[in-house]
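Colleague: Got a structure here, written out as structure tokens. Questions coming.
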Amino acid sequence: MNLTTLAVAFQSLIGEVTTENIDHSLELMGKGMLGIFIVMVLIYALIVGLDKLTGGKKEKQ
């Protein structure tokens, strides 16, 4: 038994999936989720800034 067979997590239809592949995909997914979170915070900050700049809703009496 060699070391390459120990690192195989499971066998898929397109080939062997190694623990290195899983680690890389989780890292990539984490970066993508962080990017989405940053964009959501920027959009929220833009909305709040525009609301303060324009004065928000004003009631007519």
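Colleague: So what J values fall out for segment 47-55 if you push phi through Karplus, 6.51 cos²θ - 1.76 cosθ + 1.60 with θ = phi - 60°, rounded to Hz, Gly and Pro as x?
Modeller: Calculated HN-Hα couplings, in order: 5, 5, x, 5, 5, 5, 5, 8, x Hz.
Colleague: List the extent of the Cα atoms of segment 3-60 along each of their three principal axes, largest first, rounded to whole Å.
Modeller: Principal axes ranked by extent give 74, 19, 12 Å for the Cα atoms.
Read-outs throughout are calculated quantities, based only on the coordinates presented, and are distinct from any laboratory measurement. All figures in this text were calculated on a predicted structure; none of them were measured in a lab.
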